[in-house]
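A short worksheet on the structure shown next.
Values in this text are rule-based calculations from the coordinates and carry no lab data. What you see is a predicted model; the values in this text were computed from it and never measured. Glycine also receives a Cβ, built like all others from the backbone with ideal geometry; neighbour counts cover every protein chain displayed.
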Amino acid sequence: MAKMRFFYDYECPYCKIGYEYLLDQIDDFPDIEIEFRPIEAHPLPEEHPPHTYLACQSYYIAKEIGANMPAFHAAMFKAVAIERQNVDDPEVLCSILKDIVDTGKFREILDSGKYAPQIDENNDLAYENSGVWYVPAFRMNDKKLDAKGGIGIRSEELRSFLKN
């Protein structure tokens, strides 16, 4: 089974589109396992809100507590990429996810900082080791597919990447 890394940021509208393309196509490639790697494309102190450090951690928390992950991704992309909500505020995150996760458990894990090192690792892996310049970015078997600045990726590009 091939493992594909998917680097993305919830604040990126091109990542939302890339994620939707991936959902539309991945069933045609049952031998590919997706490794989701949320990153913060514009970490503090950059002046590029909304910052998504806590939102990225939320992915791992939702996964740990058994959330419906497609519903989670849809809610996060809508809240951040479309509505531009302040997802670096734990209360805002809990409000966004109230129908998807047990917010008590979610908040307890979020407040513990358990997954903060994972996001730092994802950022290092993306930027320092995998040469990501723009997201969404895909890595598999020494191949890479990166978005183009201000353009993103096309559905056909992703399909070709998944086939090879």
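So, in the range 48-98, exactly how many residues are part of a helix (DSSP H, G or I) and either in contact with a helix residue (DSSP H, G or I) (Cβ under 6 Å, 6 or more places away or on another chain) or closer than 21 Å to residue 118 by Cα (or both)?
Of the residues in the range 48-98, 27 are part of a helix (DSSP H, G or I) and either in contact with a helix residue (DSSP H, G or I) (Cβ under 6 Å, 6 or more places away or on another chain) or closer than 21 Å to residue 118 by Cα (or both).
Restricting to the range 99-145, name every residue that is aliphatic (A, V, I, L, M) and either more than 16 Å from residue 39 (Cβ to Cβ) or in contact with a helix residue (DSSP H, G or I) (Cβ under 9 Å, 6 or more places away or on another chain) (or both).
100, 101, 109, 110, 116, 119, 132, 135, 137, 140, 145
With out of contact with any strand residue (DSSP E or B) (no Cβ under 7 Å at 6 or more places or on another chain), of a type in the set (Phe, Trp, Tyr) and touching a residue at least 24 places away in the same chain (Cβ under 8 Å) as the only criterion, which of 8, 53 stands out?
Just one listed residue meets the conditions, 53.
Which count do you get for residues in the range 108-127 that are surrounded by fewer than 20 Cβ atoms within 10 Å (Cβ to Cβ) and not in a helix (DSSP H, G or I)?
Matching residues across the range 108-127 total 2.
Give the residue that is farthest from residue 128 (Cα to Cα), with candidates limited to residues of the range 26-68 that are surrounded by 14 or more Cβ atoms within 10 Å (Cβ to Cβ) and small (Gly, Ala, Ser).
That would be 67.
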